[in-house]
Amino acid sequence: MGSAIRLGRIAGIPVQIDFSFLLALPLLAYLFAQQFVAAARLVGIPQESIGGDRYLWGLAVALALFASVLLHELAHSLYARRKGTRVTAITLLMIGGVSQMEDSPRRPRDEAVMALLGPVTSLAIAAVLRAVLYAVPRDVELWEVRFALGFTSYLNLTIGVFNLLPAFPMDGGRVLRALLVKRFGLLRATRTASRVGKAFALILAALGAVSGNLILILVAWFVYVGAQQERAQMEAKEALDSIRVADLLQPDGPAIDARSTLADAAEQLLRARRLALPVLADGSFAGMLSADDIGRVGPAERARSLSADSLHRVRPLRPDSPVWEALQAMSLAGVPEMAVVSPEGALLGTISRADIERALRLAELQRSTTEGRASLRRRMV
């Protein structure tokens, strides 16, 4: 995901839209407008009875689709938070949405329930809207209302059923992984679910190519890439499992005072040859300031801007935290380094993404070397 625009909060969870959403919205509105007659026929409404421009209807349908996706993701997020998982944001993307969490629920059963709640919510919305549609008196010609209720119900039905497919990382794929964990373990279950997800992606791509459905091809690409990324993340987590933040800590590094100007902060970054540094306010950790943060402010304005106004307000790491959590925290915050503090809150130093990536590559090399030696010994026996 790239940069996102914050819309607000729902139940305390930040909701934002990725810039790809802004690209997809007019495209989806246009595609829905082109299928307006078919959509009216699908819900049993005479097309000539529906007032309004079809392109405005296309935009309304596209917005209804994303609103439905938001409710779908909100169901995931609320359950995950109830189970102790920190939800950092819900982000709407070009196709669908994602609940950004620091980690999945620890128990496979909880992950399965969390995954199922999204499709169940979509199917419930579809059923409620259909019931409201049937409740509209037939002797009242509210064709626009009928169309809006009927087609939005159809959208939610499609979202619910489609997400139940066992195509990892979609919801059905996550349920599949949760069912496999007890028998195969988390890593092998993830690899199996990833292969199934890629197979479904290829099937969807083939169906899209045969039918000329560009949206289906795009969905297939997202599923394929998502399955690959989920597998890579789990393999990285497994490789880094035994490494703690203290093992990669860069101690006693420089820090920036919150009252320093961005011009002074830029000089400190250059002297330290670092991409980010901790910011201290009255001696306590306040956040991280990166070169990118400073770069967003014009050179002429940096001498008048304080570091405290541009920093990332993130939670610092503890020395005994797993390195995998540090990597996730950097990804979510969008910073290349994170501060490490003692249980008393004293700054101990920083850990960088580059250090973690180096450790990951060495861990993968160690694993492949060990597996190669074991394989060689088996062949010799």
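The values are calculated or read from the model by the stated rules, or taken from the named source; none is laboratory data. This is a predicted model, so every value here is computed, not measured. Please note: Cβ atoms are built from the backbone with ideal geometry, for glycine as well, and neighbour counts cover all protein chains shown. Quick note on the areas: whole protein, heavy atoms, side chains included, nothing else; ligands and nucleic acids left out. Shrake-Rupley method; radii C 1.70, N 1.55, O 1.52, S 1.80 Å.
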Please figure out what share of the DSSP beta bridges in segment 222-300 is antiparallel and state it in percent, rounded to the nearest 5. 75
What spacing in nm lies between the two simple spin-label points modelled at residue 35 and residue 292, each 7 Å away from Cα in the Cβ direction? 3.5
Taking only DSSP H segments of four or more residues, each worth -39500 (n - 2.57), what value at 222 nm results for the chain once the sum is divided by all its residues, to the nearest 500 deg cm²/dmol? -20000 deg cm²/dmol
Label-reachable residues, segment 47-77, where backbone N falls under 16 Å from a point 7 Å from residue 145's Cα toward its Cβ: 50-51
In segment 291-381, trypsin sites (Lys or Arg not before Pro) in a DSSP loop with at most 11 other beta-carbon atoms within 10 Å: 296, 304, 313
Gain in length, residue 229 to residue 187, computed as 0.36 nm per residue apart minus the alpha-carbon separation, to one decimal in nm? 13.8 nm
With label points set 7 Å from each Cα along the Cα-to-Cβ direction at residue 271 and residue 364, the distance between them in nm comes to 3.8
The chain, accessible area per residue, ligands and nucleic acids excluded (1.4 Å, Å²): 54
For the chain, what does the alpha-carbon gyration tensor say about shape, rounded, prolate or oblate, given a ≥ b ≥ c as the root eigenvalues, a/c under 1.5 as rounded, and a/b over b/c as prolate? oblate
Expected output is a single nm value to one decimal: the length gained when fully extending between residue 203 and residue 377, i.e. 0.36 nm times separation in residues minus the C-alpha distance. What is it? 58.6 nm
Kirkwood Rh (inverse of mean 1/r, distinct Cα pairs), segment 275-361, angstrom: 13.6
Which whole-Hz ³J(HN,Hα) couplings does segment 348-353 yield from phi under the Karplus relation 6.51 cos²θ - 1.76 cosθ + 1.60, θ = phi - 60°, glycine and proline marked x? 9, x, 9, 10, 10, 4
Helix 186-211: inclination vs the chain longest Cα principal axis, degrees, rounded to 10, gives 40
Treating the angle as unsigned and between 0 and 90°, give the value, to the nearest 10°, between the Cα long axis of helix 323-333 and the longest Cα principal axis of the chain. 60
I'd like the carbon and sulfur percentage of the solvent accessible area for the chain, probe radius 1.4 Å, heavy atoms only, ligands and nucleic acids excluded. 59
So how far apart, in nm, are the two label points at residue 56 and residue 19 if each is 7 Å from Cα heading toward Cβ? 3.2
What angle do you read, to the nearest 10 degrees and between 0 and 90, between the alpha-carbon axis of helix 54-82 and the longest principal axis of the chain? 50
Can you list the aspartates and glutamates whose alpha carbon sits under 16 Å from that of residue 198, skipping same-chain ones fewer than 8 residues off? 171, 230
Additional length obtainable on full extension of the chain from residue 357 to residue 49, 0.36 nm per residue less Cα span: 104.9 nm
